[in-house]
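Enquirer: I have a structure here, written as C-alpha cells, and I will follow up with some questions on it.
The values are calculated or read from the model by the stated rules, or taken from the named source; none is laboratory data. Quick caveat, the model's predicted, so the values are computed rather than measured. Here the Cβ positions follow ideal geometry from the backbone for every residue, glycine too, while neighbour counts run over all protein chains shown. Keep in mind that these areas ignore ligands, DNA and RNA; they rest on the heavy atoms of the full protein, side chains included. Shrake-Rupley method; radii C 1.70, N 1.55, O 1.52, S 1.80 Å.
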Amino acid sequence: MLLGVVVLVFIMFQGFGDPAKMIVGQTGDKKTMDNIRKDLYLDQPKWKQFVLYLNDVSPICIHTKADIEKKNLKGLFIGSNTKLGLKIPYLRRSYQTKKEVGELLTEALPGTLLLAAAAMLFATIIGIGLGVIAAIKKGTWMDTSAVFASIAGISAPSFFMAIIIAYFFGIVLHPFTGLNITGSWFDIDEVTGEKYLTLKNLILPALTLGIRPLAIITQLTRSSMLDVLSQDYIRTAYAKGLGKRTVIFKHALRNALNPVITAITGWFAELLAGAFFVEYIFGWKGIGKITVDALEKLDYPVVMGSVLISACIFIFINILADVLYSIVDPRIKTQ
C-alpha cells in the first residue's frame with residue numbers, strides 16, 4: 001500500500017512541473033536554476049528521479065558517504081564509500097524554509113494528534129451513549145431525536161460547520177464563551193516568552209471535527225444494539241434474572257461494538273490525516289495547516305511528506321483495529 005502511495009505522490013507532485021522555478025521564481029538566472037535542478041536530481045530521467053526518491057523515503061536504502069553527510073541521514077550504515085543502510089526515512093527539504101520536511105511535520109504532529117484524539121473522544125462517548133439510548137428507547141422521541149441529529153451531522157460538511165461554529169461561538173457569543181476563532185494548543189507568555197498549555201483553544205476545532213464521526217457512531221451503535229438485543233442469548237440472560245443494566249452493558253453492548261470499533265478507528269485515521277480545512281480555518285498548528293500553507297506556496301516536498309505520513313497512520317490504525325476486535329469480542333481470535 002505504501003509503495004502505491006509513493007508512486008502516486010511522486011507522479012502528482014514531483015513528476016510534473018519545474019520545482020527549480022518555484023524556488024528561484026520565474027526571473028531566476030539559468031545557471032542558478034541548473035544548479036538547483038542538479039541538486040534535486042531534476043536533470044535525471046523521470047524513472048531515475050523516482051528511484052532516487054524511493055531510496056530517500058525507504059528505511060532500507062543505499063547511499064554514498066557524501067549523500068549521508070549532505071542529507072544528514074540518521075540510521076545504521078555499513079560499507080565503505082557506497083553504504084547499505086537502515087535509516088529514518090528522509091523526506092527531503094522544504095523549498096521555502098529549507099528545513100527538513102521530517103522536522104517540520106514532527107513539530108506539527110502533536111497538535112494534530114491532540115486535536116484528533118479530543119474530537120474522537122467527544123464523538124465516541126456521546127455517540128455510543130446516544131446510540132444505546134436510541135436502541136433501548138426505540139420508537140420514542142429519544143430515538144427519533146437521536147436519528148434526526150445523526151442524519152443532520154452526517155450531512156453537514158466539516159468545513160461548513162467549522163465556519164458556522166467559529167462565527168457563532170468565536171464571534172457572536174465570544175463575550176460569554178471566551179473562546180477564540182483561532183489558536184494553537186499552546187500560547188506564548190508575552191513577558192517571559194515561554195510556552196504554556198491552552199486547552200480552551202481546542203474546544204471549537206475538536207467539536208467541529210467530531211460532529212460527523214459522532215453522527216455515524218450513533219447510527220452504528222443503534223443499529224448494532226437493536227440487532228444484538230433481538231438475539232436468543234439476550235433473552236436467556238433476562239430469563240436467568242440478570243438486571244437490565246448488566247444485560248445491556250455487559251452482554252449486549254460488548255458484542256455490538258465491532259462495527260463501532262471499525263468506525264472509530266477509521267474516523268480517527270481520517271481525522272489525523274484529513275483535518276486540513278478545520279485546522280486551517282481555526283488556525284490550529286497541525287499537519288493539516290502546514291500542508292495547506294505548503295500547497296499555497298507550491299512547496300511540494302512538504303505536501304508529499306504529509307501524504308506519506310497520513311498513509312502510514314491509516315495503515316497503522318487499521319492494524320490496531322484488527323487487534324482490538326479480538327480483545328472486545330471473544331468470538332474473534334487472532335490466528
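Enquirer: Equivalent-ellipsoid semi-axes (√(5λ), Cα gyration tensor) for the chain, whole Å, largest first?
Expert: Semi-axes (√(5λ), whole Å): 46, 27, 17.
Enquirer: Further question: Give me the one-decimal nm value for the distance between modelled label points at R235 and L199, 7 Å along each residue's Cα-to-Cβ direction.
Expert: 4.7 nm
Enquirer: Step through the residues of region 171-176 one at a time and calculate ³J(HN,Hα) from phi using the Karplus curve (6.51 cos²θ - 1.76 cosθ + 1.60, θ = phi - 60°), rounding each to whole Hz and writing x for Gly and Pro.
Expert: Per residue, the Karplus-derived 3J(HN,Hα) values read 10, 4, 9, 4, x, 9 Hz.
Enquirer: Quantify, in whole percent, the carbon and sulfur part of the accessible surface of region 168-313 (1.4 Å probe; protein heavy atoms only). Don't skip to the end; give the middle numbers.
Expert: Working: 4430 of 7150 Å².
Ligands and nucleic acids excluded, carbon and sulfur give 62 percent.
Enquirer: If packing is taken as the mean number of other Cβ atoms within 10 Å per residue, what is the order of 300-308, 233-241, highest first?
Expert: Order by mean packing, descending: 300-308, 233-241.
Enquirer: Can you give the helix-only mean residue ellipticity at 222 nm for the chain, where every DSSP H stretch with n ≥ 4 adds -39500 (n - 2.57) and the sum goes over all residues, rounded to the nearest 500 deg cm²/dmol?
Expert: Calculated mean residue ellipticity at 222 nm is -20000 deg cm²/dmol.
Enquirer: Please give, to one decimal in nm, the separation of the simple spin-label points placed at I11 and K297, each 7 Å out from Cα toward the Cβ.
Expert: Using points 7 Å along Cα→Cβ, the separation is 2.9 nm.
Enquirer: Out of V228, V260, V191, any idea which swings most in a Gaussian network model of the chain, alpha carbons joined below 10 Å?
Expert: V191
Enquirer: May I pose another question? Which of T106, N258, F159 sits closest to the plus end of the dipole of the chain, meaning its Cα is farthest towards the positive end, when Lys and Arg get +1 and Asp and Glu get -1 on the C-beta?
Expert: With unit charges placed on the Cβ atoms, the residue in question is N258.
Enquirer: Once amide H atoms are built 1.01 Å from N in the peptide plane, which residues 5 or more positions from F186, or in another chain, come under 5 Å H to H?
Expert: Under 5 Å from the amide H of F186: T198.
Enquirer: Taking the Cα centre of the chain as origin, sum charge times position over the Cβ atoms of Lys and Arg (+1) and Asp and Glu (-1), and report the length of that vector in debye to the nearest 20.
Expert: 840 debye
Enquirer: Of the peptides 204-216, 46-58, 65-77, 94-106, how do they stack up when ordered by the mean number of other Cβ atoms within 10 Å, highest first?
Expert: Per-residue mean Cβ counts within 10 Å order the peptides as 204-216, 94-106, 46-58, 65-77.
Enquirer: Over the chain, with a Gaussian network built from C-alpha contacts below 10 Å, which listed residue (M225, M161, M142) shows the highest mean-square fluctuation?
Expert: M142
Enquirer: Place +1 on the Cβ of every Lys and Arg and -1 on the Cβ of every Asp and Glu in the chain, take the dipole about the Cα centre, and give the residue among V6, L271, A237 whose Cα lies farthest towards its positive end.
Expert: A237
Enquirer: Over region 238-297, what is the relative contact order in whole percent, taking alpha-carbon pairs under 8 Å and six or more residues apart?
Expert: It comes to 18 percent, rounded to a whole number.
Enquirer: If I stretch the segment between K46 and K74 completely, what's the gain in nm (0.36 nm per residue apart, minus their alpha carbon distance), one decimal?
Expert: 7.4 nm is the gain from fully extending K46 to K74.
Enquirer: Which three lengths, in whole Å and largest first, does region 140-259 cover when its Cα atoms are put on their principal axes?
Expert: Answer, in whole Å and largest first: 67, 32, 25 Å.
Enquirer: Also: Amide H to amide H under 5 Å from K83: which residues, 5+ apart in sequence or cross-chain, H placed 1.01 Å off N in plane?
Expert: For K83, the qualifying residues are H63, T64, K65.
Enquirer: Between F168 and T192, take the C-beta separation as r, use R0 = 25 Å, and let me know the FRET efficiency to the nearest 0.05. Each step should come with its number before you reach the end.
Expert: On the way: r = 34 Å, r/R0 = 1.37.
Once rounded, the FRET efficiency stands at 0.15.
Enquirer: Compare G111, G178, G170 in a GNM of the chain, Cα atoms joined below 10 Å, and give the one with the largest fluctuation.
Expert: With Cα springs under 10 Å in the chain, the top fluctuation among G111, G178, G170 is at G178.
Enquirer: Using a probe radius of 1.4 Å on heavy atoms only, what accessible surface per residue do you get for the chain? Whole Å² is fine.
Expert: I get 55 Å² per residue for this part.
Enquirer: Run the numbers for K98 and K38: contour at 0.36 nm per residue of separation, minus the present Cα-Cα distance, in nm.
Expert: Extending this stretch completely gives an extra 20.0 nm.
Enquirer: Explain nothing, just compute: Karplus ³J(HN,Hα) = 6.51 cos²θ - 1.76 cosθ + 1.60, θ = phi - 60°, for every residue of region 160-165 in order, whole Hz, x for Gly and Pro.
Expert: Result, rounded to whole Hz: 5, 5, 4, 5, 5, 5.
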